[in-house]
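This report refers to the structure that appears directly beneath it.
What follows is calculated from the coordinates using simple rules that are stated; it is not laboratory data. This one's a predicted model, so the numbers in the text were calculated from it and none came from an experiment. FYI the Cβ positions are ideal-geometry reconstructions off the backbone, even for glycines, and counts take in every protein chain you see.
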């Protein structure tokens, strides 16, 4: 495998993971619209950022062990779809779910490709 392609396969899932985690963290900023007080806002930020915290831990582990990132990001995408569909199901939610989880699936696939290439 050419060195340039090898670097691409190594860095792309890591960079996309960082961007994806930051994107998810942006959704937590809506907590500032409410009037929750200091501790309510801190608790709300923590609760809203649990997926970002979880994915950050996964990214740190998968920086070295790509198989962990591959499996975890794919499972995170599936978990998002399942949790979203648990509530009242509407068809537009399926498109919404695939947009968010599709990124996680793509990142997971890139981690798995990197792991597979490293194994060879």
(request) Give the angle, between 0 and 90 degrees and rounded to the nearest 10, that separates the Cα long axis of helix 66-86 from the longest principal axis of the Cα atoms of the chain. (result) 30 degrees
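Given the DSSP H assignment, sum -39500 (n - 2.57) over each helix run of at least 4 residues in the chain and divide by its residue total; what's the result at 222 nm in deg cm²/dmol, nearest 500?
On the way: 5 runs with 99 residues, N = 120.
Only helices count here, giving -28500 deg cm²/dmol.
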(message) Just to check, using Stokes-Einstein with a Kirkwood Rh over alpha carbon pairs, what's the diffusion coefficient of the stretch 30-73 at 4 °C and 1.567 mPa s in µm²/s?
(response) 109 µm²/s
(request) Can you tell me the relative contact order of the chain? Whole percent, Cα pairs under 8 Å, sequence separation 6 or more. (result) 31 percent
(request) Round to the nearest 0.05 the FRET efficiency obtained for residue 18 and residue 85 when R0 = 22 Å and r is the Cβ-Cβ distance. (result) 0.20
(request) Could you tell me the largest-minus-smallest coordinate of the C-alpha atoms of the stretch 53-120 on each of the three principal axes, in descending order and whole angstroms? (result) 44, 23, 13
(request) Measure nothing but the geometry: give the 0 to 90° angle between the long axis through the Cα atoms of 3-26 and the longest principal axis through the Cα atoms of the chain, rounded to 10°. (result) 0 degrees
(message) Only Cα pairs within less than 10 Å get springs; with that Gaussian network setup on the chain, which residue of 75, 55, 45 has the largest fluctuation?
(response) 45
(message) At 7 Å along Cα-to-Cβ for each site, give me the label-to-label distance between residue 116 and residue 45 in nm.
(response) 4.1 nm
